[in-house]
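Data first, discussion second: the structure below is written as structure tokens.
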Amino acid sequence: QVPLVESGGGLVQTGGSLRLSCKFTRMILSEFNNKAMGWYRQAPGKQRELIATITSARTTDYVESVKGRFSISRDNANRKLYLQMNSLKPEDTGTYYCNLLTNQYSWGQGTQVTVSS
């Protein structure tokens, strides 16, 4: 079973919105509740970067480029992580991945987001 399953990507116009979802399939609930995790983005031709994080206490943080537009959240009961993306820009185009911040799982397939101008 793949440990991380991302979904929700797609093709949108500039200014549009998407909501990404991630399921941690292998983690037991108690473990999930205690983990900090995040969303990562890999733009075409670039390295994967961490763009949003959420702790077990639900403290969030974002890279400057997505602050005020993206919102990370978690559903502990269902072992899911979400990323609400609003006011999308062409530079948000890329493959989006979820993972823990430390002791990471092997990467999932990600979900592709393409923002057209």
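The values are calculated or read from the model by the stated rules, or taken from the named source; none is laboratory data. Please read these numbers as outputs of a predicted model, since none were measured by experiment. Cβ coordinates were reconstructed from backbone atoms using ideal geometry, including for glycine residues, and neighbour counts include every protein chain displayed. With ligands, DNA and RNA removed, areas are computed over all heavy atoms of the protein, side chains included. Shrake-Rupley method; radii C 1.70, N 1.55, O 1.52, S 1.80 Å.
Figures for the structure shown
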| quantity | calculated |
| --- | --- |
| Relative contact order [Cα under 8 Å, 6+ residues apart], region 35-77, whole percent | 31 percent |
| Solvent-accessible heavy-atom area per residue, rounded to whole Å², over the chain at 1.4 Å | 52 Å² |
| Net lengthening on full extension, Thr14/Leu50 (0.36 nm per residue, minus Cα-Cα) | 10.8 nm |
| Most fluctuating residue given options Leu83, Leu29, Leu50, as computed from a GNM of the chain linking Cα atoms under 10 Å | Leu29 |
| Cubic angstrom per residue, convex hull over Cα atoms of region 69-109 | 96 Å³ |
| Label point distance in nm, Gln84-Leu101, each placed 7 Å from Cα along Cα→Cβ | 2.2 nm |
| Accessible area of region 1-45 belonging to carbon and sulfur atoms, whole % at 1.4 Å probe | 51 percent |
| Cβ-Cβ FRET estimate between Thr114 and Glu64, R0 fixed at 30 Å, reported to 0.05 | 0.85 |
| At R0 = 25 Å, FRET efficiency that the Cβ-Cβ distance of Ala36 and Gln1 yields, to 0.05 | 0.65 |
| Candidate lysines - alpha carbon under 16 Å from Lys89, same-chain residues fewer than 8 apart omitted | Lys67 |
